[in-house]
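What follows is calculated from the coordinates using simple rules that are stated; it is not laboratory data. Fair warning: this is a prediction, and the values are worked out from it, not measured in the lab. Note that each Cβ is placed from the backbone with ideal geometry, even for glycine, and that neighbours are counted across all protein chains shown.
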Amino acid sequence: MKKEQDRQESHRRYSLPGLMLLGSVLCFFAFAGNVSAGLILDAELQFKYEDNVVGLLSDQQRGGVGTGTGATPVMMAAASGMGSMVSGGKNNYTGPSSGSSHSPGDFSATLFAEAGGYGDVGMDSAVFAKGFASHTAYNTYTDLDATIAGVSTGVVTKFSSSVSARAAVLAKIKRFGDSARDSNAYGGNLSLKEKLTPAIWLREFGELEKNSADQSVFSYTGSTIGIGAGYAFTKEIFATIGYSYLVQKFDDPSVGEMDTHTAFLGAEWALNKNWAVVGEYDLQLSKDNATATSATNNIFSLALRYGY
């Protein structure tokens, strides 16, 4: 009986991305034929350094070694203060040592790409559908290595010459170096952008994600809200600044809830029509409410970006 339930649950989990992909394709072709259509093709190679790795945030875009005491994996994950459920080893991240909120730092590299299309629906709106994939490799903590692939579909609407909105739904499959983290996720996001002057813009955004992992200690419901602003110094160079707040409510009560505040400052230099170099600094403040453990992570990143 249990095997049959597991099989049905696995079927539901693995079918979700396929169903969303089918819906995305049908949605796109239903509208794209009415008027003009275009291609989405983007890629990015990013290098990042974190001075205080937070394992429970390893699959987020914005972003003590096991003691052998006989504690269960779930207990070790909670007691480590934002650690992970793995056995001891030189390439495994197990969180900060007992009584500390500071973990070692690490370098990582991420390769990201997305491809799809969009079609206009009326003069002021367009629908889009795309697939995306990324791979992140850590220098030391290889159990945090992540391969994420998914699909997304949504609509972009222009309310006026200065105000526009974007809404999307998406589904992801996540695979990690530590298979206990393997998961499927689905969710949606919404953003509103205001162009205050030709050189200044504001953006408000929100996102919901339901992440179902192979082990409940890594399953959560996440919600994010944030605000950002940008200023164009020239046609080629502009800066961004912003803030986001993430709440992750984990299914396992021993992990509980984690709150993460992130302030970011970035700059982009367009090399030509398609290529750009992007640098960013993120100050990330996280608190694990189950253990009252807080962590501060300074994140420095440099990326080469391509846009079709």
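General remarks:
- Available extension along the chain between Ala267 and Leu190 is 25.4 nm, counting 0.36 nm per residue and deducting the alpha carbon span.
- A Förster distance of 22 Å, applied to the separation of the beta-carbon atoms of Thr221 and Leu285, puts the FRET efficiency at 0.60.
- Dividing the Cα radius of gyration of the range 132-198 by 2.2 N^0.38 Å, with N the residue count, gives 1.57.
- The range 127-161 and the range 191-210: distance between their alpha carbon centers, rounded to Å: 18
- Too-long pairs where the Cα-Cα distance tops 24 Å, listed order kept, from Lys130/Lys287; Lys48/Lys195; Lys195/Lys273: Lys130/Lys287; Lys48/Lys195
- In this calculation the C-beta distance from Ala113 to Asp259 is compared with R0 = 30 Å, giving a FRET efficiency of 0.45.
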